[in-house]
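Comments concern the structure below.
The values are calculated or read from the model by the stated rules, or taken from the named source; none is laboratory data. Here the structure is a predicted model, which is why all the values come from computation and not from measurement. Virtual Cβ from ideal backbone geometry, glycine too; neighbours counted across all protein chains shown. All accessible areas refer to the heavy atoms of the entire protein, side chains included, with ligands and DNA or RNA removed. Shrake-Rupley method; radii C 1.70, N 1.55, O 1.52, S 1.80 Å.
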Amino acid sequence: MPITATDVDVLHRYADGVMGRADHHAGQVKGIALALLGGIIWRGEPGSIEIKQYAGGLANVLWVTISGTRYAFAYNHATEKIEIRDRTQSGTMLHSFDNQTSVADVEGVFRKL
């Protein structure tokens with residue numbers, strides 16, 4: 001069951017976990033993860049951020065509603081990218097990001113969501 005991130009403490013714990021896990025097996029998304037978190041905070045509707053829990057901790061899946069549509073953000077181990085998916089973790093993949101993605105591209109994607 002996901003938890004709703006309604007305060008900075010929850011977002012801080014999520015970001016800390018993502019960055020820590022990136023150190024071990026996902027360094028190719030470590031930098032872009034910060035830009036994506038900024039976009040989520042910027043464009044996400046207040047109270048809509050939910051973070052998946054796994055084994056009592058926060059996992060690498062986050063949902064947010066932007067302009068009335070729910071999106072799932074998740075790390076794909078096969079492609080080694082962070083993906084935005086339509087509504088659910090298994091929904092249509094809309095965009096993917098890694099450290100080769102420019103911050104300007106991230107901003108453009110978020111402006112269009």
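For the reader, a short list of remarks on this structure follows.
- Failed condition for ASP98, given (1) in contact with a Lys or Arg (Cβ under 6 Å, 6 or more places away or on another chain); (2) farther than 20 Å from GLY17 by Cα: (2)
- Selection within the stretch 86-106 - in a strand (DSSP E or B) and under 19 Å from TYR14 (Cα atoms): PHE97
- Selection status of ASN99, within 12 Å of the chain's Cα centre (by Cα) and among the polar types (S, T, N, Q): no
- Test: residue in the stretch 48-62 that is assigned to a strand (DSSP E or B), of a type in the set (S, T, N, Q), open to solvent by 30 Å² or more (accessible area, probe 1.4 Å) and more than 16 Å from VAL109 (Cβ to Cβ): yes
- Once the stretch 63-85 is narrowed to residues that are in contact with a helix residue (DSSP H, G or I) (Cβ under 6 Å, 6 or more places away or on another chain) and in a strand (DSSP E or B), the residue that is nearest to GLY108 (Cα to Cα) is ILE66.
- Condition met for GLN53 (over 18 Å from VAL103 (Cβ atoms) and modelled with pLDDT of 85 or more): no
- Within the stretch 72-91, if we keep just the residues that are over 9 Å from the mean Cα position of the chain (by Cα) and not polar (S, T, N, Q), the residue that is least open to solvent (accessible area, probe 1.4 Å) turns out to be GLY91.
- Test: ASP23 is modelled with pLDDT of 90 or more and not small (Gly, Ala, Ser): no
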